[in-house]
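For reference, the structure I am asking about is given below.
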Amino acid sequence: MIGFVGLSHLGIISSIAAASKGFQVIAYDANAALCEQLSRRELPVLEPDLPELLEKSQAQIVFTSDVTKLGQCNLVYISVDVPTDANNQSNLTVLHQLVAAIAPHLAPETVLVILSQVPPGFTRTLAAQLQETQGDRRLQIYYQVETLIFGRAVERALYPERYIVGCPNPAQPLPQPLHELLSTFGCPLLPMRYESAELAKISINMCLVASVSVANTLAEICESIGAEWSEIVPALKLDKRIGAYSYLSPGLGISGGNLERDLITVKNLAHEWGTDARVVDAWIANSRYRRDWVLRTLHSEVMSQVQNPRIAVWGLAYKPNTHSTKNSPSLALLEALTAFSVQAYDPQVVLNDRPARLTQSETALAACQGSDVLVVMTPWAEFSAIDLSQVKATLKGATIIDPFAALDAQKCREAGFSYFRLGSTPER
Amino acid sequence: MIHHHHPSPVNPDRVVVLGGSGFVGRYLLSHLKTLEIPVVSFTSGELDLCQPESVENLKQTLQPTDSLVVISALTPDRGRDIRTLMRNLSMIEHTCAALTEGACAQVVYISSDAVYADEANPVKETSCCDPSGFHGVMHLARERMLLQTTKAAKIPLLILRPSLLYGPGDTHNGYGPNRFLRTAEKDRKITLFGNGEEKRDHIYIEDVAQIIGLGLLHGSEGVLNVATGTAVSFFEAAQTIVDLWKGQAEVQIECLPRSNPITHRHFDITETYKAFPTFQYQSIASGLQKTFALIEKGNG
């Protein structure tokens, strides 16, 4: 029996994925209402294929707020997402409280795995604390790297590239229940010491940030010199040193919260140990700069031409297939547009606190009604299916700012729009 | 980088201007007049900030509801030496001595983009301040003096860092649009170093006055660059002026051998978009056109 403790995004996905492999799962959260909701198969997170996976696995999983049920498990994951504050600093208090609350209910020799996002040093310290308070129970403490991606969480959970496991002694075999679960997924297992595993997670994210920063830096040069970043990307991806899956799409800075948290963790570590992490400052600065690309384009192409323009914004989530708006470039843009009339639309996100001049439309086309410009801030798939002739008929102006190229550039040109996207020469 | 104490604009009760007779000062006074804001302006003859007596005079002038705009400075054409630097610092030392708690409601200091490191590019308000000349050192030191003083006195401080200014009535003759306009009129010739490749962000003087005005109306606090966000080469600026003279006179562009490497300076003005979303800078073409029109009328 496998237990999952903390049913935020990570816990929900991970517990259902384990159940889908045929394991009996106890999914625990102190929030009884949430557990009842999940028992009714009402998912509080938006992920492709998750409802189907839950339906398929429902016989294997029990959602409960009864902490004593964890005593039946020989393998328990702490799977709560660690919250971050406005400065992307982790708040680990939640994690400490959760472990302290459930530890007394675990059976002796339970394998306790930290799946939550923790900084290097956390697991060893926690293991020492548990040894002190729960020594007689001989809990076995492990750390496992999560690499969940919002919007692709099910795919990542079912088909992981590898498992990175932080161990008290990497030379020893993994405990049987943990090995049995992870082996089911048919990918390499990489046991290593706690600190290496904790830093491996951060290292992965730093590589992603580096790639995105390269893409953003060079895409901006493309916009000025007549080059086309989308033509360059395939050349890079065919280079084995860079790779077919590398993060080379330009974007509006780093968002979502996870990468930002790890950037801050590296800065904190470098500050504490006196190592050189100035490149991280450069990545953060570049991210903030690129986040405002749309605002700069709006001012140079619209505000300079039209007094008091009305702006249509498609997309509020930080990326498609999620309802998360953590550090969303769209919300950052809206904050800078409070002086203007804005009509926004998102397939999933509903804004509760709206500035006075912001209205949220029921449909994408309704947001365009009478607007001087259309801005596509989240490349939801439904946007690319919208008939541009209808957009043309509805929009008052003839400018589309589409940073992620959600729409077809050629069709936008043919429809008579001035069209602006990242990494491409402006088409006026 | 800045925040507004008045999210909706409110006219200050009165604005006290130190340095009202200079290039920026004259345009500011004119702009404040159109806004119908009462103004008290001092020239260096009326209030010599280099003298310790100025402290008491300024104290007696300032009212708690006043906004104080500090433009006074000995510009580089008055000296680039240590003595000029120290006199400039002395002026702010005396200004700071008058800024006790409750002395006024806001201080606006007109600094310069010379405070930034030469290699900062694109320049934004968070760029590294590492001035290479005494002019930049002077402004940075003055900013810090005012920052410490106003913080202790609980007075909001707005620091504005303009890029290169141009426009009718500029008394300075530095390399750039103003000099180009003058030599085009006088000698029918514009002289460039190299091919004038260096890109700079030139700001029209009326825009500077308007940004100061917005900072006063909003009771703004913090640091903001004053630049258009569009850098053009000296050659492009010269060519625009040549085009303006077309039909009246033929102006030649002369290129001299370059003695210094090519450097560029661009600005990221996102913070201005956020601070004053409805404000729009004039393009250099528009600003030069206006300046040229006044030259034609004999007012340039």
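The values are calculated or read from the model by the stated rules, or taken from the named source; none is laboratory data. As the structure is a prediction and not an experimental result, all values here were calculated from the model. Cβ placement follows ideal geometry from the backbone for every residue including glycine, while neighbour counts extend to all protein chains displayed.
A:GLU301 - would you say it is surrounded by fewer than 19 Cβ atoms within 10 Å (Cβ to Cβ), more than 24 Å from A:VAL45 (Cβ to Cβ) and away from chain B (no Cβ under 11 Å)?
Numbers: surrounded by fewer than 19 Cβ atoms within 10 Å (Cβ to Cβ): yes; more than 24 Å from A:VAL45 (Cβ to Cβ): yes; away from chain B (no Cβ under 11 Å): yes.
So A:GLU301 passes the test.
Working only within segment A:390-424, note down all residues that are outside any loop (DSSP other than H, G, I, E, B) and among the charged types (D, E, K, R). Reasoning before the result, please.
We begin by selecting, within segment A:390-424, every residue outside any loop (DSSP other than H, G, I, E, B); these are A:390-394, A:399-401, A:409-414, A:418-420.
Once the filter is applied, which keeps residues that are outside any loop (DSSP other than H, G, I, E, B) and among the charged types (D, E, K, R), segment A:390-424 yields A:LYS392, A:LYS411, A:ARG413, A:GLU414.
How many residues are within 14 Å of another protein chain (Cβ to nearest Cβ) and either within 28 Å of A:PRO44 (Cβ to Cβ) or crowded, with 21+ Cβ neighbours inside 10 Å (or both) if we restrict to segment A:356-371?
Kept after step one, since they are within 14 Å of another protein chain (Cβ to nearest Cβ), are these residues of segment A:356-371: A:356-358.
Add one more test, that the residue is either within 28 Å of A:PRO44 (Cβ to Cβ) or crowded, with 21+ Cβ neighbours inside 10 Å (or both), and what stays is A:358.
Of the residues in segment A:356-371, 1 are within 14 Å of another protein chain (Cβ to nearest Cβ) and either within 28 Å of A:PRO44 (Cβ to Cβ) or crowded, with 21+ Cβ neighbours inside 10 Å (or both).
Next question, about the same structure. Of all residues in segment A:325-355, how many are away from chain B (no Cβ under 14 Å), over 19 Å from the mean Cα position of the chain (by Cα) and either in a helix (DSSP H, G or I) or crowded, with 21+ Cβ neighbours inside 10 Å (or both)?
So the count comes out to 3.
Please list, ordered by residue number, the helices (runs of 4 or more DSSP H) wholly in segment A:142-231 having 3 or more residues that are modelled with pLDDT of 95 or more and of a type in the set (Gly, Ala, Ser). Reasoning before the result, please.
Working: elements: A:153-158, A:176-183, A:194-225.
The qualifying helices (runs of 4 or more DSSP H) are A:194-225.
Here's another thing I want to ask about it. Quick check on my filter: what residues within segment B:94-120 are hydroxyl-bearing (Ser, Thr, Tyr) and either free of Cβ contacts under 8 Å to residues at least 60 places away in the same chain or surrounded by fewer than 23 Cβ atoms within 10 Å (Cβ to Cβ) (or both)? Give the derivation first.
Within segment B:94-120, the subset hydroxyl-bearing (Ser, Thr, Tyr) is B:95, B:100, B:109, B:111-112, B:116.
The answer is B:THR100, B:TYR109, B:SER111, B:SER112, B:TYR116.
Being closer than 21 Å to A:SER324 by Cα and touching a strand residue (DSSP E or B) at 6+ places or on another chain (Cβ under 6 Å): is that true of A:LEU38 here? Talk me through it step by step, then tell me what you get.
Values: closer than 21 Å to A:SER324 by Cα: yes; touching a strand residue (DSSP E or B) at 6+ places or on another chain (Cβ under 6 Å): yes.
Yes, satisfied.
In this structure, does A:ARG296 turn out to be within 14 Å of chain B (Cβ to nearest Cβ), surrounded by 23 or more Cβ atoms within 10 Å (Cβ to Cβ) and in contact with a helix residue (DSSP H, G or I) (Cβ under 7 Å, 6 or more places away or on another chain)?
Details: within 14 Å of chain B (Cβ to nearest Cβ): yes; surrounded by 23 or more Cβ atoms within 10 Å (Cβ to Cβ): no; in contact with a helix residue (DSSP H, G or I) (Cβ under 7 Å, 6 or more places away or on another chain): yes.
So A:ARG296 does not fit the description; no.
From the list A:ALA285, A:ALA277, exactly one residue is surrounded by fewer than 19 Cβ atoms within 10 Å (Cβ to Cβ), out of contact with any Cys (no Cβ under 9 Å at 6 or more places or on another chain), more than 14 Å from chain B (Cβ to nearest Cβ) and within 22 Å of A:MET206 (Cβ to Cβ). Which is it? Explain how you work it out, then say what you get.
Numbers: A:ALA285 fails: more than 14 Å from chain B (Cβ to nearest Cβ).
Selected residue: A:ALA277, the only one of A:ALA285, A:ALA277 that is surrounded by fewer than 19 Cβ atoms within 10 Å (Cβ to Cβ), out of contact with any Cys (no Cβ under 9 Å at 6 or more places or on another chain), more than 14 Å from chain B (Cβ to nearest Cβ) and within 22 Å of A:MET206 (Cβ to Cβ).
Based on this model, can you work out whether B:GLY222 counts as within 14 Å of another protein chain (Cβ to nearest Cβ) and either more than 23 Å from the chain's Cα centre (by Cα) or at positive phi (or both)?
On the way: within 14 Å of another protein chain (Cβ to nearest Cβ): no; either more than 23 Å from the chain's Cα centre (by Cα) or at positive phi (or both): yes.
Here the answer is no, as B:GLY222 does not meet what is asked.
Taking segment B:147-167 as the region of interest, how many residues are touching a strand residue (DSSP E or B) at 6+ places or on another chain (Cβ under 9 Å) and either outside any helix (DSSP H, G or I) or buried (at least 22 other Cβ atoms within 10 Å of the Cβ) (or both)?
So the count comes out to 14.
Could you say whether any residue in segment B:99-117 is of a type in the set (S, T, N, Q) and farther than 17 Å from B:GLY215 by Cβ? Give the steps one after another, and end with the answer.
To start, the set of residues in segment B:99-117 that are of a type in the set (S, T, N, Q) comprises B:100, B:106, B:111-112.
Subset that is farther than 17 Å from B:GLY215 by Cβ: B:100.
Yes: segment B:99-117 contains one or more residues that are of a type in the set (S, T, N, Q) and farther than 17 Å from B:GLY215 by Cβ.
Considering only residues that are free of Cβ contacts under 8 Å to residues at least 40 places away in the same chain and either within 14 Å of chain A (Cβ to nearest Cβ) or among the aliphatic types (A, V, I, L, M) (or both), look in segment B:251-300 and name the one that is farthest from A:SER341 (Cα to Cα).
Among those residues, the one meeting the criterion is B:ALA293.
Continuing with the same structure: Hey, can you tell me all the residues within segment B:38-58 that are assigned to a loop (DSSP other than H, G, I, E, B) and touching a Ser or Thr at 6+ places or on another chain (Cβ under 7 Å)? Break it down stepwise before answering.
The first filter runs over segment B:38-58 and keeps only residues assigned to a loop (DSSP other than H, G, I, E, B), leaving B:38, B:43-52.
If the condition is that a residue be assigned to a loop (DSSP other than H, G, I, E, B) and touching a Ser or Thr at 6+ places or on another chain (Cβ under 7 Å), then B:THR43, B:SER44, B:LEU47, B:ASP48, B:LEU49, B:CYS50 are the ones that fit.
Still on this structure, please answer the following. Is it the case that A:SER90 is buried (at least 19 other Cβ atoms within 10 Å of the Cβ), among the polar types (S, T, N, Q), farther than 13 Å from A:GLY3 by Cα and touching a helix residue (DSSP H, G or I) at 6+ places or on another chain (Cβ under 7 Å)? So that I can check it myself, show each step before the final result.
Numbers: buried (at least 19 other Cβ atoms within 10 Å of the Cβ): yes; among the polar types (S, T, N, Q): yes; farther than 13 Å from A:GLY3 by Cα: yes; touching a helix residue (DSSP H, G or I) at 6+ places or on another chain (Cβ under 7 Å): yes.
Here the answer is yes, as A:SER90 does meet what is asked.
Answer yes if at least one residue in segment B:235-243 is among the aromatic types (Phe, Trp, Tyr) and in contact with a helix residue (DSSP H, G or I) (Cβ under 8 Å, 6 or more places away or on another chain), and no otherwise. Explain how you work it out, then say what you get.
In the first step, residues of segment B:235-243 are kept if they are among the aromatic types (Phe, Trp, Tyr); the result is B:235.
With in contact with a helix residue (DSSP H, G or I) (Cβ under 8 Å, 6 or more places away or on another chain) added as a condition, the list becomes none.
No, segment B:235-243 contains no residue that is among the aromatic types (Phe, Trp, Tyr) and in contact with a helix residue (DSSP H, G or I) (Cβ under 8 Å, 6 or more places away or on another chain).
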